[in-house]
Amino acid sequence: MEKRVFDFSPGPAVLPVSALQEAQRNLVAMPGVGISILEISHRSATFTEIIEKTEANLRKLLNIPEGYQVLFLQGGAHLQFAMVPMNLLRGKGKSADFVVTGTWGKKALPEAQREGKARVAWDGKATNFSRVPKDSELDLDKDAAYVHITSNETIQGVQFQTEPAVGNVPLVCDSSSDFLHRPLPVDKYGIIYACAQKNLGPAGVTVVVIRDDLVAQSPEELSPMLNYKVMAEGKSLYNTAPTFGIYMVKLVTDWLLNDIGGLDKMHAINKQKANLLYDVIDGSSGFYDGHAEPASRSLMNVTFRLPDPEMEKKFVDGAAKRDLHSLKGHRSVGGFRASIYNAMPMEGVERLAEFMTEFAKQNG
Ligand SMILES: *Cc1c(COP(=O)(O)O)cnc(C)c1O
């Protein structure tokens, strides 16, 4: 087998090796089935078992209560930017509140404005998207149709540590880049959505966890493909579901349950991994300039800059020599970003921390 490197890409991103290996073993012929997951009907007994097991895994990991549907949709997080307001805002005469903590929240807002009124309840622009707001800073409309947050801003590396208090207004969360990184009090949310390709599986499937009373709000005139109610009634099989993506989500959630031992354990490991890098940043006497304020730091995307842009190439080259790849930050933030999702092994983060320490010593 070709050697694997440590790749810190923000997404599509690293997957557990055991899940990749199982998919590889079964790719030509699944045991007892004789054909590939890529070749079976989405309405076959085999796939029905796979999608039901995937949902059961998610329900177990997140302790999803009764009264919530788990949907497997397509179109990524971008389609959810549009689908949420189509279903919850269109024709309702209400407004939606947006907490804008970075690039993705900013991108979700205009999609709601196509469907109705949407206002900004807080904007991190003034502080260069380096933190999440305190509850007391939120300017919330108590009659809003929903409040939209981005639990983890993938590009800036800022993350809500707990849910903001939004009263009785449904909380809608783009959890694309931190879904399943810790246990969640699901009952505090109206909708949690996540494209798979950050922390969950391959691109092509999007998980939506949605409360029943919100499913019931979908306007009749919506195209069925954009209608939560139709998708829920069809158990995500109204159309041909992204079968391979769902299968991979099953393997990844099997790994979380059986190899990791659940989300409390995963959260502890994630904190340990992130601390390795933040400790290097904090101990570097300012050589590494962390983008996020400490209280808003992400456990998934660690963002930092070097004192001098000329040093950036040297950093990239040195990292590559140690098989550490895809560290360059998004152009809007600059510097570097280490995406250390659930599946990034501890060894990869340790190796990056060692390299960063060494690099600061030699160049600081
Ligand atoms: C990657 C990402 C998106 C965009 O996902 P697509 O699947 O490309 O639509 C949206 N929100 C967050 C938080 C992301 O990390």
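Do we have ALA203 as farther than 28 Å from GLN272 by Cα and open to solvent by 10 Å² or more (accessible area, probe 1.4 Å) here? Steps first, answer last, please.
Working: farther than 28 Å from GLN272 by Cα: no; open to solvent by 10 Å² or more (accessible area, probe 1.4 Å): yes.
So ALA203 fails the test.
For TYR146, are the conditions met, namely being within 11 Å of the ligand (Cβ to nearest atom), aromatic (Phe, Trp, Tyr) and farther than 22 Å from MET344 by Cβ? Walk me through how you get there before you give the answer.
Details: within 11 Å of the ligand (Cβ to nearest atom): no; aromatic (Phe, Trp, Tyr): yes; farther than 22 Å from MET344 by Cβ: yes.
For TYR146, the condition - within 11 Å of the ligand (Cβ to nearest atom), aromatic (Phe, Trp, Tyr) and farther than 22 Å from MET344 by Cβ - is not met.
Could you go through the stretch 79-87 and let me know if any residue there is open to solvent by less than 40 Å² (accessible area, probe 1.4 Å), in contact (Cβ under 8 Å) with a residue 24 or more places away in the chain and more than 16 Å from the ligand (Cβ to nearest atom).
Let us first name the residues in the stretch 79-87 that are open to solvent by less than 40 Å² (accessible area, probe 1.4 Å), namely 80-87.
Now restrict to residues that are in contact (Cβ under 8 Å) with a residue 24 or more places away in the chain: 80-87.
With the extra rule that they be more than 16 Å from the ligand (Cβ to nearest atom), the set shrinks to 87.
Yes, that holds for at least one residue.
Taking LEU256, is it away from the ligand (no atom under 16 Å from the Cβ) and either surrounded by 23 or more Cβ atoms within 10 Å (Cβ to Cβ) or not assigned by TED's automatic domain parsing to the domain that holds ASN57 (or both)? Quick ask: steps written out before the conclusion?
Details: away from the ligand (no atom under 16 Å from the Cβ): yes; either surrounded by 23 or more Cβ atoms within 10 Å (Cβ to Cβ) or not assigned by TED's automatic domain parsing to the domain that holds ASN57 (or both): yes.
Spelling it out, LEU256 is indeed away from the ligand (no atom under 16 Å from the Cβ) and either surrounded by 23 or more Cβ atoms within 10 Å (Cβ to Cβ) or not assigned by TED's automatic domain parsing to the domain that holds ASN57 (or both).
Among what's in the stretch 111-125 and is open to solvent by less than 40 Å² (accessible area, probe 1.4 Å) and within 16 Å of the ligand (Cβ to nearest atom), pick the residue that is nearest to ASN152 (Cα to Cα).
The selected residue is GLY124.
Select, from ARG211, ARG182, the only residue that is in the same structural domain as GLY67 (by TED's automatic domain parsing) and out of contact with any Phe, Trp or Tyr (no Cβ under 6 Å at 6 or more places or on another chain).
Working: ARG211 fails: out of contact with any Phe, Trp or Tyr (no Cβ under 6 Å at 6 or more places or on another chain).
Exactly one of ARG211, ARG182 is in the same structural domain as GLY67 (by TED's automatic domain parsing) and out of contact with any Phe, Trp or Tyr (no Cβ under 6 Å at 6 or more places or on another chain), namely ARG182.
Here's a check for you: in the stretch 272-310, which residue that is within 20 Å of ASN342 (Cα to Cα) and loosely packed, with under 14 Cβ neighbours inside 10 Å is farthest from the chain's Cα centre (by Cα)?
Only one residue fits best here, namely ASP279.
Just name the residue that is farthest from the ligand (Cβ to nearest atom) out of those in the stretch 95-110 that are touching a Pro at 6+ places or on another chain (Cβ under 8 Å) and within 15 Å of ALA126 (Cα to Cα). Full working, then the answer.
Initially, the stretch 95-110 is screened for residues touching a Pro at 6+ places or on another chain (Cβ under 8 Å), giving 96, 99, 101.
From the residues that got through so far, the ones that are within 15 Å of ALA126 (Cα to Cα) too are 99, 101.
Working: VAL99: 13, THR101: 10 Å.
Among those residues, the one meeting the criterion is VAL99.
Run LYS53 past the list (1) over 22 Å from ILE260 (Cβ atoms); (2) in a helix (DSSP H, G or I) and report the number of the one that doesn't hold.
Every condition holds for LYS53 apart from (1).
Given the criterion open to solvent by 60 Å² or more (accessible area, probe 1.4 Å) and touching a residue at least 24 places away in the same chain (Cβ under 8 Å), identify the matching residue among GLU22, GLU52, GLU2.
Values: GLU52 fails: touching a residue at least 24 places away in the same chain (Cβ under 8 Å); GLU2 fails: touching a residue at least 24 places away in the same chain (Cβ under 8 Å).
It is GLU22.
Could you grab me the full set of residues in the stretch 311-359 that are of a type in the set (Asp, Glu) and open to solvent by 60 Å² or more (accessible area, probe 1.4 Å)? Working first, answer last.
Taking the stretch 311-359 as the starting set, the residues that turn out to be of a type in the set (Asp, Glu) are 312, 317, 323, 347, 350, 354, 358.
Passing the criteria: ASP317, GLU347, GLU350, GLU354, GLU358.
Answer yes or no as to whether LYS198 is among the charged types (D, E, K, R), within 16 Å of the ligand (Cβ to nearest atom) and more than 13 Å from MET83 (Cβ to Cβ). First the steps, then the outcome.
Details: among the charged types (D, E, K, R): yes; within 16 Å of the ligand (Cβ to nearest atom): yes; more than 13 Å from MET83 (Cβ to Cβ): yes.
Spelling it out, LYS198 is indeed among the charged types (D, E, K, R), within 16 Å of the ligand (Cβ to nearest atom) and more than 13 Å from MET83 (Cβ to Cβ).
Residues of the stretch 88-108 being open to solvent by 50 Å² or more (accessible area, probe 1.4 Å) and of a type in the set (Gly, Ala, Ser), which ones? Let's see the steps before the verdict.
Residues of the stretch 88-108 that are open to solvent by 50 Å² or more (accessible area, probe 1.4 Å), as a first pass: 90-94, 104, 106-107.
Scanning the stretch 88-108 gives GLY91, GLY93.
Would you check if GLY167 is in a loop (DSSP other than H, G, I, E, B), open to solvent by 10 Å² or more (accessible area, probe 1.4 Å), more than 23 Å from LEU263 (Cα to Cα) and within 13 Å of the ligand (Cβ to nearest atom)? Reasoning before the result, please.
Working: in a loop (DSSP other than H, G, I, E, B): yes; open to solvent by 10 Å² or more (accessible area, probe 1.4 Å): yes; more than 23 Å from LEU263 (Cα to Cα): yes; within 13 Å of the ligand (Cβ to nearest atom): no.
The answer is no for GLY167.
The values are calculated or read from the model by the stated rules, or taken from the named source; none is laboratory data. None of the values given here were measured: they were computed from a predicted structure. Cβ: placed from backbone, ideal geometry, glycine included. Neighbour counts: every protein chain shown. Keep in mind that these areas ignore ligands, DNA and RNA; they rest on the heavy atoms of the full protein, side chains included. Shrake-Rupley method; radii C 1.70, N 1.55, O 1.52, S 1.80 Å.
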